[in-house]
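Below you'll find the structure, written out as structure tokens, and then a few comments.
Please treat every number below as a calculation from the coordinates, not as lab data. Since the structure is predicted, the reported quantities are computational estimates derived from the model, not experimental observations. As a convention, Cβ positions derive from the backbone with ideal geometry for all residues, glycine included, and neighbour counts pool all protein chains shown.
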Amino acid sequence: MSLKNSLSSPVGKKLITGITGLGLVVFVLLHMIGNLSMFSGDDAYNEYAQLLASFGPLLYLMEAGLVVFFLFHIVNGIQIWVGSKKARRMGYDTYRSAGKPSQQTTSSRSMIVTGLVLGVFLVIHLASFKFGPGGPGNADPSYVTSVAGEEMRDLAKLVHHKFASPIYAFGYTFVMLLLVLHLRHGVWSAFQSLGAMRPSLTPIVYGLGALLGLAIGLGFIALPLAIYFNVI
Amino acid sequence: MAESMNIKLKVWRQAGPKAQGRFETYTVPDANPHMSFLELLDVLNEQLIKSGKDPIEFDHDCREGICGSCGVVVDGVAHGPQRRTACCQLHMRHYKDGDTIVVEPWRAEAFPIIKDLVVDRSAFDRIIAAGGFVSVNAGSAQDANCLPIAKTAADLAMDFAACIGCGACVAACPNASASLFTAAKISHLAMLPQGAPERKSRVTAMVNQMAEEGFGDCSNHAECEAVCPKGISISTIATMRREYFKAMLG
Ligand code: HEM
Ligand code: SF4
Ligand code: FES
């Protein structure tokens, strides 16, 4: 069988969602930790952003990898969802979960919804920050600062500016809560998708995965709320 | 009769595969706690026949939870509320006088409705035919124990072989996926030396057939394990995936 056929098989699709899902989890975890540098001051945050930018071609390579991961993740997720609708055109009059050991939850049933909102959010987020004032193709002298004699983009100023707006601060918070829901089912699910699960491990991995999702979500939410409520 | 129960049933009626179906509501005034759920349907059918109506078609055979013929969705749960129990072994003592019970067929495009509560599960036969067997050149029977198999492997293989092919896993799955059924057979044979030579072609062919039949993909809701009358674990699905990855590597 060709690789393309294998990857589009029911198991191949899970290989893709599993690998891209875990890859994206690592990405959001690192991104969240990076954001926390703002709590050490605007200069620390700008220096961190500058450090990433200084990676040059390596950064582009990582960004290209991220784009590929996102695209495969989204396309696969949508395919699985569409396939599930086609596989049962007429639903039940009455349907409920039978309970344990089922892992069916609001999280597991809403992966497509939380995922699609995350996708839309991603576009707005990139347009506001990465490609916002002072970013690539959008030079803006008022968003340039100098830290320890080095000229760099004043991303911290942009972050403060955006999160002073309630729509931005609370919209961001809401979407991050959806990320927590996505990861509550997602982290455990990815390991099961990759065949790396045993019954004895399931409750532990499910619990730790949900905690990781919660930690990532709360870590992201800390910054907009701290800025909006003038804590930093 | 002090134990007599009045049970209301809301049942899916559909005259044929292409016909428009609908729910009908019936009352069984003389149900009792000792009846099985299928016996309740029997009593209702006698009632319908006596009043000149079409009885409700439903599948059943052994009525002791071993053949896999029966299977309907009872109040939203495949095989009904009792864990690890096929609906033929569900008893009316779990209900009380005055209850209303909703009864629907398995719903999946790969399991087309034949009539009322009876669905066509031959898609499962085609998945098995794609590779769920061990090819043997028949000769005289081998001596028992000439192929040593560890007790743990034999026990696990037996757990996985317990699948009765009822289809509850598909019915309960939000995606109408047949992963648990398919994985149970793949894992059963992968545990045993007799199954080993064909493991790669088996997993590839069975997984492809599963997709071909129009079942959905698995999203790891694990609802299948919760309704399976044999308690087949989703660890079989993890095993199926590992088997498939090994086959992909050649
Ligand atoms: C950007 C838009 C996104 C969409 C449209 C999306 C969609 C989905 C869908 C539909 C699933 C379920 C797949 C299935 O049913 O098996 C899923 C699973 C998953 N998603 Fe996302 N997602 C998105 C973003 C993310 C992000 C940002 C992360 C990580 C932080 C993530 C991590 C995961 C993980 C770990 C899984 C479990 C994979 C598996 O079950 O094998 N997703 N995603
Ligand atoms: S895996 Fe369980 S629910 Fe599915 S067909 Fe086999 S016995 Fe029925
Ligand atoms: S009739 Fe045989 S399992 Fe229910």
*May I ask you to list the lysines whose Cα is less than 23 Å away from that of A:Lys157, ignoring any residue fewer than eight positions away on the same chain?*
A:Lys130
*Report relative contact order for chain B in percent, whole number only (criteria: Cα-Cα under 8 Å, sequence separation at least 6).*
19 percent
*Determine the dipole magnitude for chain B: charges of +1 sit on the beta-carbon of Lys and Arg, -1 on that of Asp and Glu, nothing else is charged, the reference point is the Cα centre, and the result goes in debye to the nearest 20.*
600 debye
*Using only the Cα atoms of the protein assembly as shown, build the gyration tensor, take square roots of its eigenvalues as a ≥ b ≥ c, and label the shape rounded, prolate or oblate: rounded if a/c is under 1.5, else prolate if a/b is larger than b/c, else oblate.*
prolate
*In this model, which of B:Lys50/B:Lys96; A:Lys86/B:Lys18; A:Lys100/B:Lys96 are farther than 22 Å apart at the alpha-carbon?*
B:Lys50/B:Lys96; A:Lys100/B:Lys96
*Ordered by packing density, taken as the mean number of other Cβ atoms within 10 Å over each peptide's residues, highest first, how do B:169-175, B:97-103, B:212-218 rank?*
B:169-175, B:212-218, B:97-103
*asked:* Counting only helical runs of four or more DSSP H residues, what would the 222 nm mean residue ellipticity of chain B come to if each run contributes -39,500 (n - 2.57) and the total is spread over all its residues?
replied: -10000 deg cm²/dmol
*Given labels modelled 7 Å from the Cα in the Cβ direction, how far is it in nm from B:Asp97 to A:Arg96?*
2.3 nm
*Averaging sequence separations of C-alpha pairs under 8 Å and six or more residues apart, then dividing by the length of region B:121-248, give the relative contact order as a whole percent.*
34 percent
*asked:* If each DSSP helix of 4+ residues adds -39,500 (n - 2.57) and the sum is divided by the residues in chain A, what number results at 222 nm, nearest 500 deg cm²/dmol?
replied: -23000 deg cm²/dmol
*Along the positive direction of the dipole of the protein assembly as shown (beta-carbon charges: Lys, Arg +1; Asp, Glu -1; about the Cα centre), which of B:Leu38, A:Leu225, B:Thr27 reaches farthest?*
B:Leu38
*Go through A:Val113, A:Gly83, A:Val187 and say which Cα lies farthest out towards the positive end of the charge dipole of chain A; charges sit on Cβ, +1 for Lys and Arg, -1 for Asp and Glu.*
A:Gly83
*Cβ neighbours within 10 Å from other chains - mean over B:223-232*: 3
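How would region B:5-114 be classified by its alpha-carbon gyration tensor: rounded, prolate or oblate, with rounded meaning a/c under 1.5 and the a/b versus b/c comparison settling the rest?
Oblate.
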*asked:* What does the C-alpha gyration tensor say about the overall shape of chain A? Classify as rounded when a/c is under 1.5, otherwise prolate if a/b is larger than b/c, or oblate.
replied: prolate
_Charge dipole of the protein assembly as shown about the Cα centre (unit charges at C-beta), most positive-ward option of B:Gly98, A:Val144, B:Phe124_ = B:Phe124
*Ranked highest first by average number of other Cβ atoms within 10 Å, how do B:184-197, B:43-56 line up?*
B:184-197, B:43-56
*Treating the beta-carbon of each Lys and Arg as +1 and of each Asp and Glu as -1, no other charges, what is the dipole magnitude of chain A about its Cα centre, to the nearest 20 debye?*
1600 debye
*Given +1 on the Cβ of Lys and Arg, -1 on the Cβ of Asp and Glu, and no further charges, what dipole in debye does region B:5-114 carry about its Cα centre, rounded to the nearest 20?*
260 debye
*For the residues A:Leu218, A:Leu118, what sequence is obtained by ranking on other C-beta atoms within 10 Å, fewest first?*
A:Leu218, A:Leu118
*Straight-distance crosslink candidates among aspartates and glutamates, where the alpha carbon sits under 12 Å from B:Lys230 and sequence neighbours closer than 8 are dropped*: B:Asp159
_For B:Arg199, B:Arg22, order by how many other beta-carbon atoms lie within 10 Å, fewest first_ = B:Arg22, B:Arg199
_Per-residue counts of other Cβ atoms within 10 Å, averaged by peptide: what ranking do you get for B:112-119, A:178-185, highest first?_
A:178-185, B:112-119
*Ranked list, fewest to most other Cβ atoms within 10 Å of each Cβ, for A:Ser189, A:Ser128*: A:Ser128, A:Ser189
*If you count, for every residue in B:167-174, the Cβ atoms of partner chains within 10 Å of its Cβ, what is the mean?*
3
